[in-house]
Each structure stands twice: as structure tokens, then as C-alpha cells.
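First up is the structure itself, then whatever we jot down about it.
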Amino acid sequence: MDFGKVPEQELPAIDFSLPPDGRLTQDVLHEQTPVNEIASYIGCAKWGRKEWKGLIYPPKTKDSLFLDEYLKHFNAIELNAIFYKMPDKQQIITWRQKAEAERPDFKFCPKISQTISHIKRLKNAEEATSQYLESIMEFGQYLGPCFLQLSDNFGPPNLQVLADYLESLPRDFNLFLEVRHHAWFSDSEARSALFQVLRQNQIGAVITDASGRRDCLHMELPTPHAFIRFVGNGLHESDFRRVDDWIERIKSWKEQGLQSAYFFLHQHDEKDTPVLADYTVRRWNEVLGTKLAPPMILNRQAQLGL
């Protein structure tokens, strides 16, 4: 992921601290009854990474078996591939069957296709949306929340288009929204209106933590569920401090009433993402009292940066 990428020499000057919670977060969480253990899902954006052979995949793993191997290490996937091309139903059934065989707690979190979000820009998208929904239903119990990412030129003047589209979706559709236009965050009225629309429609808000776009750390939860897209910087020392800060914030949200959290790890170069994921899962277990299995790193030399 190149979103929010900055030159490495600029990283020391960036304030990576997490902003205070928004008022909406406090209001939404305080309506909930805290749970002993939140539903926790940690994963990556893709399973088809050749660079992971010898790291978490056996060295001679065939491409066709990458998902089989991924399932041994993570309990969720941020399925970005569907954004570019909607797979046919049989392909999704095959993916689901792999999860059935290996990991019954697994969740696929498919991105809504670019035909809907970027080409049609949510207008006259009924047929494409129906096709998307019909296809992803084949995931069955392995379907996690989906997410809709809008382009960086989809700004506040399009709020009514967004509201109309969200209201047209099935009431039980588990969806999170990611916006990128600067004005959603810098314009207080637009920001408030956006998150009220999400709350009214029970749509979650993706929080993206990227070095060069600190405004996307809006810290607003329209629902008692968190969906975080964390973009690291190649195992830079700040990556681990940032993960620690996130886990402490999620602990605070849990104590207030958070019900579930999805934490997806990205790097600008994905070769060492499993190493950061290993650290994340271990710290998550320590702080939140969960018992998630960390990735099984085959090559511990890759962890020298820890």
C-alpha cells in the first residue's frame, strides 16, 4: 500500500501519537455493555505473497496453495483483490471450502468493487451492488465485515449520494466506510454530518493509520466495532510503538463497550508484514487477554529488527 507513504528520513519528525477519541465514540460505546473478551481479528491484505515463502510459507509452496498456508497463520484477510475483479461464485466457494477445512473461525473481509465505488461513484450502481452481494454471500459464515473505500476526490458535496447509497443497502449488511478526501476531516460540519449518516445507518468507519495522512485518524466509532488499517514502514522502530499505542487504545475502548476489532496490517513493501503481525498478535494477547495464535515464523532471522 502506497497510501500515506513518506520518505524514511521524514519519519522521525512525524507525530505518531493517536488523537483523543471523538465524542461519537464515547456516546456509542457508553451505550454498550462491556464484554469480557472482544471478538479479535488480525490479518493482512493479501495471501498471494511470494516473498513469504521461507518466512511463513514453506519454501516450495505453489501459488495455488498460498491461501491454504495463510489460513494456518491468521484468522482474517482484508480481501483487496475483489476491488479490482469480482470473482465468480465458484471461486468464492473454493476459498470458503479451504477455510472450512483449516480454520472455522476465519473471516474474509472483501472490499467493495471499484465499479461501484470509483467508476459509478455510487450512482446507478444497483445492478453492480446486487452482483457483489450475491457473490460474497457464498462465503457463508466465513464472511466478515465488508468495506467501501471512496476515492480521494469523493468529497463532502457528495454526502447525499453517499447517504442514498447506504440507505439502499440491506439492513443486515455488515459494512465499514473509508473516506480519503481531506475535507471530510478538516471541515467540522462535513465531518459531523458524515459520521451521523454512518451512525443512522449502522455503518462502521474504517480508521486508516498511515504516516503521511494523519488526518485519517479520525477516532470516531459510529458502531461499537473497530476496523483499523495500519500502514507500517518496513519494521521501522516506530512501527512497534504505534502498534503498542493502538492496542492500549483498543483496551480502553473494550473497557467502555467495544464489541469487536479488526486490525489489518500493511507495509509499503509487504515482504516483512508477517513479522509485524507476529509482534501485534503477541502484544494483543498480553494486553487484552486473548489467546490468538501468532503467525508461525519459519525464518526467525527476519525478526532481528525487533
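The values are calculated or read from the model by the stated rules, or taken from the named source; none is laboratory data. As the structure is a prediction and not an experimental result, all values here were calculated from the model. Ideal geometry is used to build each Cβ from the backbone, glycine not excepted, and the neighbour counts take in all protein chains shown.
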**OP:** Give the range 152-180 a look and list any residue that's within 30 Å of Gln141 (Cβ to Cβ), of a type outside the set (S, T, N, Q) and part of a loop (DSSP other than H, G, I, E, B), or say none.
**Re:** Leu169, Pro170, Arg171, Asp172, Phe173, Val179
**OP:** Give the number of residues within the range 1-16 that are of a type in the set (Asp, Glu) and either in a helix (DSSP H, G or I) or surrounded by 14 or more Cβ atoms within 10 Å (Cβ to Cβ) (or both).
**Re:** 2
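From Phe3, Phe16, grab the single residue that is within 30 Å of Glu189 (Cβ to Cβ) and within 17 Å of the chain's Cα centre (by Cα).
Phe3
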**OP:** From (1) at pLDDT 95 or above; (2) surrounded by fewer than 17 Cβ atoms within 10 Å (Cβ to Cβ); (3) farther than 18 Å from Gln90 by Cα, pick out the condition that doesn't hold for Asp172.
**Re:** (1)
Original post:
So which of Lys89, Lys107, Lys98, Lys85 ends up being in contact with a Phe, Trp or Tyr (Cβ under 8 Å, 6 or more places away or on another chain) and either among the basic types (Lys, Arg) or under 30 Å from Val275 (Cα atoms) (or both)?
Top reply: Lys107
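In the set Ile207, Ile228, Ile247, which member is surrounded by fewer than 23 Cβ atoms within 10 Å (Cβ to Cβ), modelled with pLDDT of 95 or more and more than 29 Å from Pro170 (Cα to Cα)?
Numbers: Ile207 fails: more than 29 Å from Pro170 (Cα to Cα); Ile228 fails: more than 29 Å from Pro170 (Cα to Cα).
Within the list Ile207, Ile228, Ile247, the selection yields Ile247.
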Original post:
Could you say which residue among His236, His218 is over 22 Å from Pro7 (Cα atoms) and either more than 19 Å from the chain's Cα centre (by Cα) or surrounded by fewer than 22 Cβ atoms within 10 Å (Cβ to Cβ) (or both)?
Top reply: His218
**OP:** Look through Leu235, Leu265, Leu258 and report the one residue that is more than 18 Å from Ala277 (Cβ to Cβ) and either part of a loop (DSSP other than H, G, I, E, B) or not charged (D, E, K, R) (or both).
**Re:** Leu258
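Taking Val287, is it farther than 24 Å from Asp215 by Cβ, surrounded by fewer than 18 Cβ atoms within 10 Å (Cβ to Cβ) and in contact with a helix residue (DSSP H, G or I) (Cβ under 6 Å, 6 or more places away or on another chain)?
Taking the combined requirement at face value, the residue satisfies it.
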**OP:** Return a yes/no flag: does the range 181-200 have any residue that is under 15 Å from the mean Cα position of the chain (by Cα), buried (at least 16 other Cβ atoms within 10 Å of the Cβ) and outside any strand (DSSP E or B).
**Re:** no
